[in-house]
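Single-structure report; data block below.
The values are calculated or read from the model by the stated rules, or taken from the named source; none is laboratory data. As the structure is a computational prediction, the values presented were derived from the model and not from experiment. Every residue, glycine as well, gets a Cβ built from its backbone with ideal geometry; the counts of neighbours run over all protein chains shown. Surface areas here come from the heavy atoms of the whole protein model, side chains and all, with no ligands, DNA or RNA. Shrake-Rupley method; radii C 1.70, N 1.55, O 1.52, S 1.80 Å.
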Amino acid sequence: MNDKPISNRAWFLVVPVMVFVLFSSLIPMMTVVNYSVQDSMGQNSFFWNGSEWFRHLFDPTTDIGGRFSRALVRNLVFSGVVLLIEIPLGILVALCIPKRGWAVGAVLVSMTLPMLIPWNVVGTIWQVFARADIGLLGAALTGAGIPFNNTQDPLSAWSTIVVMDVWHWTSMVALLCYAGLKAIPDAFYQAARIDGAGRWSVFRNIELPKLRRVLIIAVLLRFMESFMIYTEPAVVTGGGPGEATSFLSLDLVKIALGQVDLGNAAALSLVYNLITLTLCWIFFTTMTQLDARGSA
Amino acid sequence: MASVTLDGIGHAYGRAGTEADYALKPLHHVWEQGRAYALLGPSGCGKTTLLNIISGLVIPSHGRLLFDGRDVTRLPTERRNIAQVFQFPVVYDTMTVAENLGFPLRNRGMDRRQAAARVGEIAAMLGLTPDLHRRARGLTADAKQKISLGRGLVRSDVAAVLFDEPLTVIDPALKWELRSKLKAVHRALDLLMIYVTHDQTEALTFADQVMVMNEGRVLQIGTPAELFEAPAHTFVGYFIGSPGMNLLPASVEGREAAVDRHRVPLGAAYPAMGGQRVQIGVRPEYATLSRTGGLPVQVQRIEDLGRRRLARVTLGTHPLVATVPPDLAVSGGEAFVRLDPASLHVFADDRRVPGLAA
């Protein structure tokens with residue numbers, strides 16, 4: 001039997017956290033919800049607008065609806081491209097990292113460096129690096145006769161941002177995979193040698209299945225972060241040329257702070273949030289279910 | 001199928017200067033086809049190194065390894081026709097049991113139908129037939145160990161099956177079953193099997209011949225009975241048996257030994273052993289506690305093991321373990337221990353000295 005006294009006053013211990021969450025999250029969140037169902041003529045007077053903002057948002061024929069659907073497609077394409085490059089590349093890099101000796105530390109530290117650089121600095125580095133006139137990359141490409149200008153050509157802008165993201169985050173995937181690879185006991189490799197398995201077969205039948213769990217984490221993290229990307233394209237392209245690299249987050253900031261269109265911005269940010277949550281949930285459940293089915 | 005010859009095989013990780021650098025001291029031995037051998041010794045005694053030399057995972061720094069007289073010392077693992085079962089079960093997670101078993105055959109380009117037939121045969125022998133189409137990943141540890149064994153056995157050209165402490169992670173209740181399965185496979189396939197373990201029960205029940213190793217050295221090769229009755233080294237005496245052999249520092253003259261001031265009659269006469277460290281050894285099974293006659297001892301405590309009772313006693317300052325006869329009631333105090341002269345062994349510098357012929 002548990003003889004400890006039960007006192008509901010213990011709930012008061014939760015109060016500080018609740019106050020903190022209230023101020024940091026709930027109240028700001030509710031303000032956004034408020035804005036999303038009201039309109040204003042200025043002078044801080046608001047009136048009820050029902051679901052009008054949301055109706056506009058989901059109607060591609062309106063200005064805001066069109067912007068939203070185009071930005072959403074851009075986000076999905078960007079996340080897809082980034083995952084398709086970073087996950088296989090990360091695995092490949094992890095396979096090439098030495099397993100022992102002094103080189104391990106050197107490689108791991110140098111790989112971590114891009115992740116330690118603040119987002120806006122990453123953006124600045126690449127903004128300068130890719131400039132067609134003075135940037136090393138941009139000037140070199142131009143000099144080599146390859147048309148490259150990320151302020152005018154959408155393809156140049158996109159490839160700059162994709163390459164920048166790959167540079168910034170592939171090492172995270174690689175580090176996760178490296179940890180997964182290190183956890184495979186030597187006996188598996190020895191058994192594979194005895195069974196006469198080739199290198200590809202070892203990867204396909206031992207390494208990849210054992211990496212399954214870390215890859216779920218890697219995909220989820222990279223998806224969330226790439227889907228919410230803001231700072232780097234804001235610094236490198238500012239969403240341009242035109243609206244070629246205007247992702248949801250960039251558009252949102254333009255609407256909210258540039259145009260001070262609070263209703264549209266509030267509706268968009270709520271929907272954006274829900275999309276991110278839903279996609280993550282779908283990713284997570286399908287991947288863990290695949291995992292469970294694999295072990296059954 | 002083959003015999004395996006160790007021709008001066010020795011291994012030093014790194015540089016081989018003094019003898020202490022060897023993880024495995026050079027040794028000569030022949031393992032014959034169709035028999036079961038065990039390598040027994042504590043952790044770090046070199047038994048796994050020896051096993052890895054045979055399977056080709058380690059290239060020995062000294063000596064030659066021969067399979068049926070053919071030098072395979074530098075042949076890569078995959079061309080040696082060796083099967084190995086590891087301490088932790090190794091299965092390919094994404095494959096079914098049947099695919100797991102067929103994997104070595106597919107890698108060697110065997111015809112699909114032929115391979116399937118062979119997989120069926122081996123699965124039946126190991127009792128895996130009902131699970132053939134299940135994913136290997138969800139199976140129990142003992143079933144996985146059977147799969148790793150089966151992957152070795154499917155190849156009809158397999159020269160030897162090596163086991164590296166294969167029962168470590170198996171549920172105790174299933175160990176016995178798996179061990180008898182190994183025995184059955186051994187009888188059915190007439191293969192050379194080499195079994196590494198630190199568990200004497202496993203070694204003694206599995207093998208025709210046991211190789212006892214310590215600190216990189218092979219101390220004795222013999223049948224379980226030989227190891228028990230005539231240990232060649234004090235380590236063998238101590239390591240085999242539960243509890244191990246009693247060892248007492250002594251001086252030996254002719255047919256008599258002296259422990260401190262006590263005289264102990266021996267079963268045979270022994271040559272003079274000047275300058276060497278002499279010990280006499282007797283197994284607890286041959287040291288009997290009694291009320292009268294024998295060496296005077298102090299009883300420290302009695303251990304009741306159910307089927308038999310053991311007495312922990314001291315002879316002067318030397319601890320001893322003796323068997324308590326069923327009809328003797330003792331709990332402590334003074335008593336005597338009788339040592340069976342025929343089962344007393346004399347060791348000089350840890351090596352057993354044979355008695356002179358009468």
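Based on what the data block shows, is B:TYR286 more than 18 Å from B:ARG351 (Cα to Cα) and of a type in the set (Phe, Trp, Tyr)?
yes
When you look at A:LEU108, is it of a type outside the set (Ser, Thr, Tyr), part of a helix (DSSP H, G or I) and open to solvent by 40 Å² or more (accessible area, probe 1.4 Å), yes or no?
yes
Scan the range B:43-77 for residues that are of a type in the set (S, T, N, Q), without any contact (Cβ under 8 Å) to a residue 40 or more places away in the chain and not in a helix (DSSP H, G or I) and jot them down.
Passing the criteria: only B:THR73.
Take A:ALA106 and tell me if it is over 23 Å from the mean Cα position of the chain (by Cα), over 16 Å from A:VAL163 (Cβ atoms) and hydrophobic (A, V, I, L, M, F, W, C).
When the stated conditions are applied, A:ALA106 passes them.
Taking the condition β-branched (Val, Ile, Thr), away from chain B (no Cβ under 14 Å), open to solvent by less than 20 Å² (accessible area, probe 1.4 Å) and closer than 30 Å to A:TRP48 by Cα, does A:VAL271 pass?
So A:VAL271 passes the test.
Considering B:LEU40, B:LEU24, B:LEU50, which residue is closer than 19 Å to B:ALA207 by Cα and either open to solvent by 20 Å² or more (accessible area, probe 1.4 Å) or touching a Ser or Thr at 6+ places or on another chain (Cβ under 8 Å) (or both)?
That would be B:LEU40, the only listed residue that is closer than 19 Å to B:ALA207 by Cα and either open to solvent by 20 Å² or more (accessible area, probe 1.4 Å) or touching a Ser or Thr at 6+ places or on another chain (Cβ under 8 Å) (or both).
Confirm whether A:ALA103 is open to solvent by less than 70 Å² (accessible area, probe 1.4 Å), touching a Phe, Trp or Tyr at 6+ places or on another chain (Cβ under 7 Å) and closer than 24 Å to A:GLU207 by Cβ.
no
Among the listed residues A:ILE87, A:ILE91, A:ILE64, identify the single one that is over 30 Å from A:SER246 (Cβ atoms), open to solvent by less than 60 Å² (accessible area, probe 1.4 Å) and touching a residue at least 40 places away in the same chain (Cβ under 8 Å).
None of the other options fit; the residue is A:ILE91.
With a cut-off of at least 2 residues that are crowded, with 16+ Cβ neighbours inside 10 Å, in contact with a Gly (Cβ under 7 Å, 6 or more places away or on another chain) and within 14 Å of another protein chain (Cβ to nearest Cβ), name the helices (runs of 4 or more DSSP H) lying wholly within the range B:80-176.
B:97-107, B:112-126
Counting only residues that are within 39 Å of the chain's Cα centre (by Cα) and open to solvent by 100 Å² or more (accessible area, probe 1.4 Å), which one in the range A:1-28 is nearest to A:ALA266 (Cα to Cα)?
The residue in question is A:PHE23.
Quick check: anything in the range B:181-193 in a loop (DSSP other than H, G, I, E, B) and either open to solvent by less than 40 Å² (accessible area, probe 1.4 Å) or aliphatic (A, V, I, L, M) (or both)?
Within the range B:181-193 (the criterion being in a loop (DSSP other than H, G, I, E, B) and either open to solvent by less than 40 Å² (accessible area, probe 1.4 Å) or aliphatic (A, V, I, L, M) (or both)), the answer is yes, since at least one residue qualifies.
Can you name every residue in the range B:323-358 that is open to solvent by less than 30 Å² (accessible area, probe 1.4 Å) and touching a residue at least 40 places away in the same chain (Cβ under 8 Å)?
B:VAL330, B:ALA335, B:VAL337, B:LEU339, B:SER343, B:LEU344, B:HIS345, B:VAL346, B:PHE347, B:ALA348, B:VAL353
Which of (1) part of a helix (DSSP H, G or I); (2) at pLDDT below 85; (3) open to solvent by 30 Å² or more (accessible area, probe 1.4 Å) does A:GLY294 not meet, given it meets every other one?
Going through the list (1) part of a helix (DSSP H, G or I); (2) at pLDDT below 85; (3) open to solvent by 30 Å² or more (accessible area, probe 1.4 Å), A:GLY294 breaks only (3).
Taking the range B:209-261 on its own, how many of its residues are small (Gly, Ala, Ser), buried (at least 21 other Cβ atoms within 10 Å of the Cβ) and part of a strand (DSSP E or B)?
1
What helices (runs of 4 or more DSSP H), lying completely within the range A:174-245, carry at least 2 residues that are within 12 Å of another protein chain (Cβ to nearest Cβ) and at negative phi?
Answer list for the range A:174-245: A:186-194, A:199-202, A:208-227.
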